[in-house]
Amino acid sequence: MDGNDHDAVTITDGEAVAAAAETAIEQCLGVGADEGCVVVTDDKREPIGEALHRAALEATEDAAIVRYPPGPQHGAEPPEPVAAALRGADVFLAPTTKSLSHTRARSEATEGGARGATLPGITEEVFTVGLDADYGTIEAECAAMAERVEGAEEIRITSPQGTDITVRPGDRPWMRDTGVVRDPGSFSNLPAGEVFVSPESADGRYVVDGTIGPHGLLEAGETVAFEVEEGVVTSVSDPDVRSDIEAAAEEVGRDAYNLAELGIGTNIGVADLVGSVLLDEKAGGTVHIAVGDDAGIGGDTDAPIHMDGILREPTVLVDGEAIELPTAGGG
């Protein structure tokens, strides 16, 4: 559950962006007239933030927008006034360059009863494509996938690119990112569509062939391989990816190498990867695995990085039995 690294956003289709913002405010978050809503954004995502703020003002008079400079990396804490705005809202939306999903600021806000959605690395393309969806169908796909994986002792992922990793969820809960955020304390990415867990341990190798920061969408045949032992990443094949993790490790040490998440995409409306982790990790038929912070998703590791990598052609075995994954145009 995370974001991507696109550096700029240009609004060229105002009507499509306005319609997407309306979907977020009305269908996904159901903002009420008696609720306080805050939109947290930064200098590079401000046009989308403004669109969401305008849509929020149609639902409630108590809507505000807060801007701050983009954070240094995904999972970095925002300034305290931004954290305070999140805590003080009934509903929040966070279209930001760097992800706030895995931050204390976000988790403290939801633990306090606020509900909300983060939109990390959001672009016009991702916003309009990802919000042009039937979130009732996405919610149903999440429920079906959760039934297949909940209670499993082991989840093994393989792929033609060389992935063979086994994760053990232990007692940690599987979570559903449905995009329907109506209950106090509930939280989702937007666009949405995944079922995910922060495993207690994992061993093996996973090979990313889809989207990963800092690269974005990998070229055909390009991969990034990670070796994992006892829930810790021990080797990364790509020097740029390795450098990002090493930078986080300078702050928190070994925790930066934590195997943080296994996620299964359930959005059958996403047919192609576009280079945005936020959208691509939701694509039906894909799996994503993340390194770093998992404190906001059922784990116990607090790190200033959460790096997702997407596998295009995974096979998922639940306690030894292969399961069917949802795919675009199907179920």
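Each reported figure results from applying straightforward, stated rules to the coordinates on display, with no laboratory input. Because the structure is predicted, anything quoted here is derived from the model rather than measured. Cβ: placed from backbone, ideal geometry, glycine included. Neighbour counts: every protein chain shown.
Some points to look at:
- Separation of the SER201 and ALA84 label points, Cα + 7 Å toward Cβ, nm: 4.5 nm
- Where Rh is the Kirkwood radius over Cα pairs, Rg/Rh for segment 26-89: 0.98
- One way to sum up the overall shape of segment 161-204 is the equivalent ellipsoid from its Cα gyration tensor, whose semi-axes run 27, 14, 5 Å, largest first.
- Set against the 2.2 N^0.38 Å expectation for a compact globular protein, segment 47-199 has a Cα radius of gyration ratio of 1.14.
- CD proxy at 222 nm, helix term only [per DSSP H run n ≥ 4: -39500 (n - 2.57); per residue of the chain; nearest 500]: -7000 deg cm²/dmol
- Two-decimal Rg/Rh across segment 186-257, once Rg and the Kirkwood Rh are taken from alpha-carbon atoms: 0.99
- Its convex hull of Cα atoms gives the chain a direction-averaged projected area, equal to a quarter of the hull surface, of 14.5 nm².
- Extreme residue, positive dipole direction of the chain, given options VAL236, GLY130, GLY116 (C-beta unit charges): GLY116
- Packing rank of 32-39, 186-193, where each peptide gets the mean count of other beta carbons within 10 Å, highest leading: 186-193, 32-39
- Stretching the chain fully between ALA140 and THR327 yields a gain of 66.0 nm (0.36 nm per residue, less the alpha carbon separation).
- Approximating the spin labels as points 7 Å out from Cα along Cα→Cβ, the GLU26-to-GLU111 distance works out to 3.6 nm.
- Dipole axis of the chain (+1 Lys, Arg; -1 Asp, Glu on Cβ), positive-most option in PRO78, LEU278, THR158: PRO78
- Only the Cβ atoms of Lys and Arg (+1) and of Asp and Glu (-1) were treated as charged; on that basis the dipole of segment 14-131 about its Cα centre amounts to roughly 460 debye.
- Gain in span if fully extended, ARG168 to LEU317, counting 0.36 nm per residue against the direct Cα distance: 52.4 nm
- Computed across segment 14-131, the Kirkwood radius stands at 13.7 Å (inverse of mean 1/r, all Cα pairs).
- Cα centroid of segment 115-186 to Cα centroid of segment 244-278, whole Å: 13 Å
- As a size descriptor, the averaged projected area of the C-alpha convex hull of segment 205-331 was calculated at 7.9 nm².
- Over segment 135-255, the pair-distance histogram of Cα-Cα distances with 5 Å bins from zero comes to 2, 10, 14, 17, 19, 20, 12, 5, 1 percent, rounded to whole numbers.
- Paramagnetic reach from GLU154 in segment 306-328 [backbone N under 12 Å; point 7 Å along Cα→Cβ]: 317-321
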